[in-house]
Amino acid sequence: MGKLILTLTLALFTSIAFATEIVATIVFENLTERELESGKFTIIDLNKKIEISKAENFKITLPKKGKYQFSFVSDNFTAYTFYPARINKRNNTITVRLMEKKEIKKGGIYSFPMNLETDLSDEQIELRIENETLNFIMHGIDSSIPKEYVDFKEKYGIGLIKENCVIDPLSFKKATENNQMIFDFLNKKYGTEWQEELKTKPFGIK
């Protein structure tokens, strides 16, 4: 009798665990004439990386509904990743849009995420740095990346996004909050000496 109760209890816990899981679908939109041959999809919060060799839709299983952050990186494309602020059974589609990569100097241009989180914990910031998805944001008339930021990324793992000089209020607010978050993190970890390495300061940093 005791074994039967134990078996039923384990079965109940297992069914509950599976019931809380969320299946999300990754959809590719390739806006170029080139075929995707390699890339890396990352579930940042879980530190899970998936190697991709074709722009074909696929599914992932998340442990529960909630807020997640995703990224996709490919050497041959500029990739934009769009996803709901909270993933649940109804809102569970993650779109990866592939566009032609601009020819620029070493350092690269990084896509500005649609759902930019500006209240990350130190652990989440470290994960972003590890996945090469943490960037300062600046706006300007050209897409060139100053050499100081190229060197800064090699040393600290934090890059730079260069956006169009035309700014809407929401984008400006998000850019400022993002830069301030990175500023506070670096001050906490390295002190203020790192600031001397950036002559041109991003929004929100003096």
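The values are calculated or read from the model by the stated rules, or taken from the named source; none is laboratory data. In this text the structure is predicted, and so the values were computed from the model without any measurement. Cβ sites come from the backbone with ideal geometry, for glycine too, and all protein chains shown count toward neighbours. These accessible areas exclude ligands, DNA and RNA; they are computed on the full protein's heavy atoms, side chains included. Shrake-Rupley method; radii C 1.70, N 1.55, O 1.52, S 1.80 Å.
Report yes if residue 35 is at pLDDT 90 or above, assigned to a loop (DSSP other than H, G, I, E, B) and farther than 29 Å from residue 185 by Cβ, otherwise no. Working first, answer last.
On the way: at pLDDT 90 or above: yes; assigned to a loop (DSSP other than H, G, I, E, B): yes; farther than 29 Å from residue 185 by Cβ: yes.
So residue 35 passes the test.
I'm checking my understanding of the structure. Among residues of region 132-142 that are assigned to a loop (DSSP other than H, G, I, E, B) and of a type in the set (Val, Ile, Thr), which one is modelled with the highest pLDDT? Lay out the reasoning, then the answer.
Going residue by residue through region 132-142, those that are assigned to a loop (DSSP other than H, G, I, E, B) are 132-134, 141-142.
Narrowing further to those that are of a type in the set (Val, Ile, Thr): 133, 141.
Numbers: 133: 85, 141: 58.
It comes out as 133.
Are there strands (runs of 3 or more DSSP E) fully within region 39-110 with at least 2 residues that are under 26 Å from residue 154 (Cβ atoms), over 12 Å from the mean Cα position of the chain (by Cα) and modelled with pLDDT under 90? List them.
Details: elements: 39-43, 48-52, 58-62, 70-73, 77-82, 93-100.
The strands (runs of 3 or more DSSP E) meeting that bar are 77-82, 93-100.
Does region 113-122 contain any residue that is modelled with pLDDT of 90 or more and out of contact with any strand residue (DSSP E or B) (no Cβ under 6 Å at 6 or more places or on another chain)? Walk me through how you get there before you give the answer.
Residues of region 113-122 modelled with pLDDT of 90 or more: 121-122.
Filter once more, so that each one left must be out of contact with any strand residue (DSSP E or B) (no Cβ under 6 Å at 6 or more places or on another chain): 121-122.
Checked region 113-122: at least one residue is modelled with pLDDT of 90 or more and out of contact with any strand residue (DSSP E or B) (no Cβ under 6 Å at 6 or more places or on another chain).
Within region 45-101, track down each residue that is closer than 12 Å to residue 24 by Cα and open to solvent by 70 Å² or more (accessible area, probe 1.4 Å).
Listed by number, the residues that qualify are 57, 59, 61, 64, 65, 86, 89, 90, 91.
Checking the condition of a type in the set (Val, Ile, Thr) and modelled with pLDDT under 80, which residue from 158, 125, 129, 145 passes?
Values: 158 fails: modelled with pLDDT under 80; 125 fails: modelled with pLDDT under 80; 129 fails: modelled with pLDDT under 80.
Selected residue: 145, the only one of 158, 125, 129, 145 that is of a type in the set (Val, Ile, Thr) and modelled with pLDDT under 80.
Is region 73-84 home to any residue that is of a type in the set (Gly, Ala, Ser) and over 17 Å from residue 134 (Cα atoms)? Lay out the reasoning, then the answer.
Going through region 73-84, the residues of a type in the set (Gly, Ala, Ser) turn out to be 74, 79.
If we keep only those that are over 17 Å from residue 134 (Cα atoms) as well, we get none.
Scanning region 73-84 turns up no residue that is of a type in the set (Gly, Ala, Ser) and over 17 Å from residue 134 (Cα atoms).
Would you check which residues across region 25-60 are out of contact with any Ser or Thr (no Cβ under 7 Å at 6 or more places or on another chain) and farther than 20 Å from residue 131 by Cβ and list them?
Residues satisfying the conditions are 30, 31, 32, 33, 34, 35, 54, 55, 56.
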